[in-house]
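Data block below; observations after.
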Amino acid sequence: MKPSDFPPPFDLSEAIATPTDPEDERIEVGVAIVGAGPAGLACAIRLGQLLEDAPAVAERLGEVPVAVIEKGKQAGSHLLSGAVVNPRALQRLFAGRKRLDEMPFYGPVEQESVYFLTRGRAVRIPTPPTMKNHGNRVASLSELGRWLAGQAEDAGAMILPETAATKLLVDHGRVRGIRTGDKGRGRNGEELPNFEPGSDVVARLTVLAEGTQGHLTGAAIERFGLEGDNPQVWALGVKEVWRVAKPLRRVIHTLGWPLRPGAKYREFGGSFIYPMGDDMLTLGMVVGLDYRDVELSVHDLLQELKTHPLVRKLLDGGERIAWGAKTIPEGGFLSLPKRLHAPGLLLCGDGPGFVNVPALKGIHYAIETGSLAAEAAFAALQRGEAVGRRGALSSYDEAVRQSFVWRDLEQVRNMRQAFGRGFWVGGALAGGMTASRGKLPPGDAGTEPDADQELIRTDRAQSYPAPDGKLVFDKLSSVFLSGNKTRDDAPTHIRVQTGVPAEVAELWTRMCPAQVYEPKEGGGVHVTAANCVQCGAITAKGGRLTPAEGGSGPEYTVT
C-alpha cells in the first residue's frame with residue numbers, strides 16, 4: 001500500500017482561471033510577485049533598483065510598478081529555515097548599498113562540528129566539504145524576511161500582506177496575473193458578515209516565488225508542460241528556538257541516531273544546532289519524506305534528539321520560545337523544471353526546487369534567482385518588447401544556467417538519490433561524488449515521488465519520549481507556540497481522501513507536526529485544518545495543501 005493510491009480530490013482547474021472581474025474593477029500592477037520570501041523580495045528589490053534608473057519604464061508600469069502578494073500576516077510570518085546563510089547573493093544584490101554588518105545576522109560562523117550519533121554517544125567526524133560554513137552568517141529567516149521587506153518598500157514595491165494567491169490567471173496561452181482568495185467564508189463556504197470577495201490582480205508580468213510546495217507554481221508547471229525529467233521530492237524540517245543559560249559558539253550538525261540506517265526504512269536526514277547570539281540557539285530535525293514507516297514522526301524525532309547527552313547539556317537551564325515546521329524541496333538539479341518561464345511568467349526560489357541538499361543551502365539560491373528574474377523581467381519590459389510572446393523571457397533560463405546556482409546544483413545532482421540505498425551505501429557514494437565534483441559515478445540518478453513509497457509498520461513510536469513540558473513537548477503546545485492564526489470556522493484548505501485505510505491515516509497522523517489528522521475508529525481520518533501551520537508535508541505524502549485564507553497560519557518571528 002502506498003499513499004499515492006489515494007489521490008486528493010483536487011483538479012488543476014481550481015488553480016487556473018481566466019480573469020473574471022469586469023475590467024474597471026481589476027487591480028492593475030506592473031509586475032506581480034507572489035510570495036514575500038527571500039526570492040520574491042530580492043526580485044522586488046532588484047526591480048526597484050533597475051527602475052530607479054529607468055523612470056520611463058516605471059511610468060509605463062503604472063501607479064504600482066511592483067506588487068508583492070503575501071499570504072502571511074506580514075512578511076516573515078511564514079518563513080522558517082535553519083538558517084546559516086551564504087552571503088554571496090546578498091552581497092551582489094546590495095553591492096554599494098548595504099554592508100553585511102547592516103543586515104540582521106547573528107554573526108559569522110567561526111567554528112563548526114559534525115557528529116555521528118548513536119543512542120548514547122557522539123563521535124565527531126571530519127566536516128564534509130559540502131557542509132563547511134566558515135564565514136557564512138547565522139540568521140533567523142523570518143527576521144531576514146521582514147528586513148528585506150523594508151528594503152523592498154524603500155525601493156518602491158507595494159507589499160500586500162494577508163493576501164492569498166489562489167488562482168493563476170491565464171488567457172490565450174499567457175499568464176495575466178493572479179486572483180486573490182475570498183475572506184470571511186464559513187466552514188461550508190457560506191458568506192459571513194465580514195465577507196470580502198477576492199480580486200483579479202492583472203500584471204504585465206507575474207513572478208511566482210511562493211517557496212516550497214507553491215500552489216500556483218505546481219499548477220503552472222503542469223499547465224505549461226514544464227515538468228523536468230524527475231519528480232520533485234521533499235523533506236520535512238521541524239525546529240525550535242531556545243533561550244539558553246550558556247552561549248553556543250559553534251554550528252553543529254549531526255547524522256545517524258535517531259534515524260535508522262537500513263535501506264528498507266529510507267530514513268535520510270539529520271539535525272542542526274545553530275547559535276543565535278549569546279542567549280539563544282535554534283535546533284531542528286530534517287527528514288526526507290520518502291520514508292516508509294507509518295510510525296515515523298519528525299516532531300517526535302526532534303523531541304527524542306533532545307534527550308541525547310550532547311544536546312541535553314546545551315539546553316540545560318533553558319526555555320523553549322519558538323517552534324515551527326516547513327518542507328524543503330530535495331530533488332535538486334535533476335528535478336528542476338525543464339524551463340523556468342512561460343509566456344508572462346517566471347519561476348524562482350524554492351518553488352522550482354533551487355536547494356542544495358548536501359550543503360543544506362537554499363536561501364542564497366532563492367535570492368540569486370529572484371534577482372536574475374528581476375533582470376530578465378526588466379529586459380522584457382523595455383519598449384518594443386512583448387512580454388507575452390514565446391521566448392521573451394528565455395534570457396532568465398540562460399542567466400540561471402550561467403550562474404553559480406546551476407554549477408553548484410549540477411555537481412551534487414546525484415547525492416540525495418544515493419541515500420535511497422541506505423545510510424552507509426549512500427555515504428560512500430556521496431564521498432565519491434564530492435571528490436570528483438559530481439563526475440563519479442557517471443550518469444544521472446532518478447527520483448520517485450514520496451507518495452509512491454510502499455508503507456511498512458514497525459514499533460518505532462514506542463521509543464518516543466513522553467512530553468514533560470520542559471525538554472520534551474507535544475504537538476498541540478508546539479502549534480500554540482507558532483502563533484497560529486487560522487480560524488476554527490474557516491473552510492478547510494487541505495484536500496485528502498478521508499476514507500483511507502488505517503495505515504494511511506496513521507501515516508498522516510504521525511507525519512503532521514501540528515496534529516491536523518486523527519485516525520477514525522474503523523478506518524478513515526478526521527481533519528482539523530485550524531491546527532495547520534502550512535508546512536506542506538501532506539502534498540508530498542498523498543494529499544494537497546491549497547492556500548488558506550489570507551492572514552491565517554503561523555506567525556513566526558524568530559524562526
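The values are calculated or read from the model by the stated rules, or taken from the named source; none is laboratory data. Only a predicted model underlies this, so the values are computations on that prediction, with no experimental measurement involved. Reconstructed Cβ throughout: ideal geometry from the backbone, glycine too, with neighbour counts over all protein chains shown. We work out accessible area using only protein heavy atoms, side chains counted, and drop any ligands, DNA or RNA first. Shrake-Rupley method; radii C 1.70, N 1.55, O 1.52, S 1.80 Å.
Points to keep in mind about this one:
- Residue 227 passes every criterion in (1) open to solvent by 30 Å² or more (accessible area, probe 1.4 Å); (2) in contact with a Leu (Cβ under 7 Å, 6 or more places away or on another chain) apart from (2).
- Test: residue in region 105-120 that is open to solvent by less than 30 Å² (accessible area, probe 1.4 Å), under 25 Å from residue 80 (Cβ atoms) and β-branched (Val, Ile, Thr): yes
- Members of region 254-313 that are of a type in the set (Lys, Arg) and touching a strand residue (DSSP E or B) at 6+ places or on another chain (Cβ under 8 Å): 264, 266, 292, 306
- Pairs, first in contact (Cβ under 8 Å) with a residue 60 or more places away in the chain in region 467-485, second loosely packed, with under 15 Cβ neighbours inside 10 Å and among the small types (Gly, Ala, Ser), C-beta under 6 Å, six or more apart: none
- In region 1-55, residue surrounded by the most Cβ atoms within 10 Å (Cβ to Cβ) [restricted to those that are closer than 30 Å to residue 151 by Cβ and of a type in the set (Asp, Glu)]: 28
- Considering only residues in region 121-155 that are open to solvent by less than 50 Å² (accessible area, probe 1.4 Å) and assigned to a loop (DSSP other than H, G, I, E, B), the one that is nearest to residue 415 (Cα to Cα) turns out to be 128.
- One residue alone among 352, 329, 358, 337 is at negative phi and touching an Asp or Glu at 6+ places or on another chain (Cβ under 6 Å), and that residue is 329.
- When 514, 490 are screened for being crowded, with 16+ Cβ neighbours inside 10 Å, under 21 Å from residue 78 (Cα atoms) and touching a helix residue (DSSP H, G or I) at 6+ places or on another chain (Cβ under 6 Å), only 514 passes.
- Among the residues of region 249-259, none qualifies, meaning not one is farther than 25 Å from residue 79 by Cα and among the basic types (Lys, Arg).
- Selection within region 520-556 - open to solvent by less than 10 Å² (accessible area, probe 1.4 Å), outside any helix (DSSP H, G or I) and touching a Leu at 6+ places or on another chain (Cβ under 7 Å): 536, 541, 556
- Exactly one residue out of 368, 375 is buried (at least 24 other Cβ atoms within 10 Å of the Cβ), charged (D, E, K, R) and over 15 Å from the mean Cα position of the chain (by Cα): that is 368.
- Scan of region 233-289 for residues that are open to solvent by less than 10 Å² (accessible area, probe 1.4 Å) and acidic (Asp, Glu), ordered by number: 240
- Flag for residue 388 being within 27 Å of residue 360 (Cα to Cα) and either in contact with a strand residue (DSSP E or B) (Cβ under 7 Å, 6 or more places away or on another chain) or modelled with pLDDT under 70 (or both): no
- Among the criteria (1) buried (at least 19 other Cβ atoms within 10 Å of the Cβ); (2) touching a helix residue (DSSP H, G or I) at 6+ places or on another chain (Cβ under 6 Å); (3) not in a helix (DSSP H, G or I), the one residue 473 does not fulfil is (2).
- Among residues of region 156-175, those that are out of contact with any Lys or Arg (no Cβ under 9 Å at 6 or more places or on another chain) and surrounded by fewer than 24 Cβ atoms within 10 Å (Cβ to Cβ), counted: 6
- Test: residue in region 22-31 that is assigned to a loop (DSSP other than H, G, I, E, B), under 23 Å from residue 382 (Cβ atoms) and free of Cβ contacts under 8 Å to residues at least 24 places away in the same chain: no
- Residues within region 495-526 that are closer than 18 Å to residue 459 by Cβ and of a type in the set (S, T, N, Q), tallied: 1
- The set of residues in region 513-559 being at pLDDT below 95 and at positive phi consists of 522, 523.
- Matching residues in region 176-201 - criterion: being in a strand (DSSP E or B), open to solvent by less than 50 Å² (accessible area, probe 1.4 Å) and touching a Leu at 6+ places or on another chain (Cβ under 7 Å): 177, 178, 179, 184, 200
- Residue check for residue 506: farther than 25 Å from residue 315 by Cα, open to solvent by 30 Å² or more (accessible area, probe 1.4 Å) and either among the small types (Gly, Ala, Ser) or out of contact with any Asp or Glu (no Cβ under 6 Å at 6 or more places or on another chain) (or both): yes
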